[in-house]
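The values are calculated or read from the model by the stated rules, or taken from the named source; none is laboratory data. Note that this is a predicted model, so its numbers are computed, not measured. Backbone-built Cβ (ideal geometry, glycine too); neighbour counts: all protein chains shown.
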Amino acid sequence: MNRRHFVWKLAGRELLLGERTLLMGVLNVTPDSFSDGGKYFDPDRAFARAVELEEQGADIIDIGAESTKPGSERVSEAEELRRLVPVLKRLRGKLTVPISVDTYKSAVAEKALEYGAALINDPSGLTFDAQLARVAAKHDAGLIITHMRGTPETWAKLAPLKDVLGTILKDLDASTHRAVRSGVDRARIAIDPGLGFGKRKEQNAEILARLSELAAMEFPLVLGPSRKSFLSQTENASEAFLQCATAAAVTASILGGAHVVRVHDVVEMKAAALLADQVLNSAGTSDNSAYRAVPPRSGGSAFRK
């Protein structure tokens, strides 16, 4: 697998993708997220955690103020902003890495970008709020379009997809065209097949096995395998088990062509990513037609302002 290189344009900066995998550190400022709900609900603790994630090696900090775990209920715009804005205010100007905000609401995205976010990570793939793409375009922000089937409340009731990759490709193609029609530059868009988002357990392994098929869409590829329920082989998997399973999924994602992996455990997944990058880069000469090669993590930065 030769991973294509991209210049991913965000609000106020660019990220160089392809030479090494970038790590998106997850920061949940929610009381009910599946992995760390309530741990960083306090704005001061969230601020400290964001700084820690950057120090550990995160290239992007992804802040979410509404849980999308299976069975979770939606929260109001006002509540999401109540959780999010104090954290963004504290972080403004305090990080060197870009901030992403995980939201499907256009009004929340608007405020997040006003308070310094460079990127919007829409878990709904522009299916919940059609105005979100216009907000991203207005602010020249980056946009991750994630494939979601149904809603977290209905995932357990959904039948298996008959053609999981075919459906994902078709839906993401429609969503990316919708974004471009709304004024978003293609160079600002990345796609995510949405592991666990309405897919049956065994279908997530199929997605990982066939990631290279998404390369035909010619967008940067983001994967979020970290601590997802499909990784667990038992009902009460230990923390160590989930970390090992996540590392395996991160490695599979990278070898399948992922440019960015969204993770909770940055230190541990950095080790997995470094080895996976070495394997990937040893497999052949990458297509570097999009930009000059970027130094590896130990010797350079992925950022360009």
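General observations
- Of residues in segment 140-168 being surrounded by 19 or more Cβ atoms within 10 Å (Cβ to Cβ) and modelled with pLDDT of 95 or more, the one farthest from residue 201 (Cα to Cα): 141
- Qualifying residue in segment 88-101 (condition: touching a strand residue (DSSP E or B) at 6+ places or on another chain (Cβ under 6 Å) and closer than 18 Å to residue 226 by Cα): yes
- Index of the failed condition, residue 226 passing every other in (1) in a helix (DSSP H, G or I); (2) within 24 Å of residue 132 (Cβ to Cβ); (3) of a type in the set (S, T, N, Q): (1)
- Sub-8 Å Cβ pairs linking a first residue in segment 82-97 that is within 13 Å of residue 114 (Cβ to Cβ) to a second residue that is assigned to a loop (DSSP other than H, G, I, E, B) and not hydroxyl-bearing (Ser, Thr, Tyr), at least 6 apart or interchain, are 84/29; 84/65; 88/116; 88/117; 92/116, ordered by first then second residue.
- Unmet requirement for residue 178, which otherwise passes all of (1) modelled with pLDDT of 95 or more; (2) within 26 Å of residue 87 (Cβ to Cβ): (2)
- Restricting the first member to segment 111-132 and to residues that are surrounded by fewer than 24 Cβ atoms within 10 Å (Cβ to Cβ), and the second to residues that are among the basic types (Lys, Arg) and assigned to a loop (DSSP other than H, G, I, E, B), the beta-carbon pairs closer than 6 Å and six or more apart or on different chains are 116/92; 129/105.
- Scanning segment 169-198 for residues that are in contact with a Phe, Trp or Tyr (Cβ under 8 Å, 6 or more places away or on another chain) and farther than 18 Å from residue 250 by Cβ turns up 176, 186, 187, 188, 189, 198.
- Each residue in segment 88-127 was checked for being closer than 14 Å to residue 65 by Cα and either of a type in the set (A, V, I, L, M) or in a strand (DSSP E or B) (or both), and 13 of them qualify.
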